[in-house]
Amino acid sequence: MSATIRLKRFGTKKRPYYRIVVMDKQAPRDGKTIEEIGYYHPIEAEDKQIVFDETKAKAWLSKGAIVSDTVRRLFNKKNVTVK
């Protein structure tokens, strides 16, 4: 099983809300997750948009989880380095 850290979409039409989750690489976007490590709310104020547990993210990265491009950009905004 190859794990990926990516976004899972919630919310209504034109009011998106995303959770940052660890999922199986081949699972559908809104499928079953292994672990939820944070959220991204693009409509909120700038300081409240991205919230995640940095220790859980680093633990999954050390286990070999792959990060999606969007989540990598979000991590970089919060100064978490990802390979």
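For segment 10-25, which positions are in contact (Cβ under 8 Å) with a residue 12 or more places away in the chain, out of contact with any Leu (no Cβ under 6 Å at 6 or more places or on another chain) and either of a type outside the set (Val, Ile, Thr) or within 14 Å of residue 81 (Cα to Cα) (or both)? Matches in segment 10-25: 15, 16, 17, 19, 23, 24, 25.
For segment 49-58, does any single residue satisfy the condition of being in a strand (DSSP E or B), acidic (Asp, Glu) and either touching a strand residue (DSSP E or B) at 6+ places or on another chain (Cβ under 6 Å) or farther than 12 Å from residue 4 by Cβ (or both)? Looking for residues that are in a strand (DSSP E or B), acidic (Asp, Glu) and either touching a strand residue (DSSP E or B) at 6+ places or on another chain (Cβ under 6 Å) or farther than 12 Å from residue 4 by Cβ (or both), one finds none in segment 49-58, hence no. Within segment 2-22, not a single residue is surrounded by 15 or more Cβ atoms within 10 Å (Cβ to Cβ), in a helix (DSSP H, G or I) and either modelled with pLDDT of 90 or more or of a type in the set (Phe, Trp, Tyr) (or both).
Here the condition is being surrounded by 11 or more Cβ atoms within 10 Å (Cβ to Cβ), without any contact (Cβ under 8 Å) to a residue 12 or more places away in the chain and not hydroxyl-bearing (Ser, Thr, Tyr); of 59, 45, 65, it holds for 59 alone.
The values are calculated or read from the model by the stated rules, or taken from the named source; none is laboratory data. Please read all numbers here as calculations on a predicted model, not as lab measurements. Cβ atoms come from the backbone with ideal geometry, glycine included; neighbour counts cover every protein chain shown.
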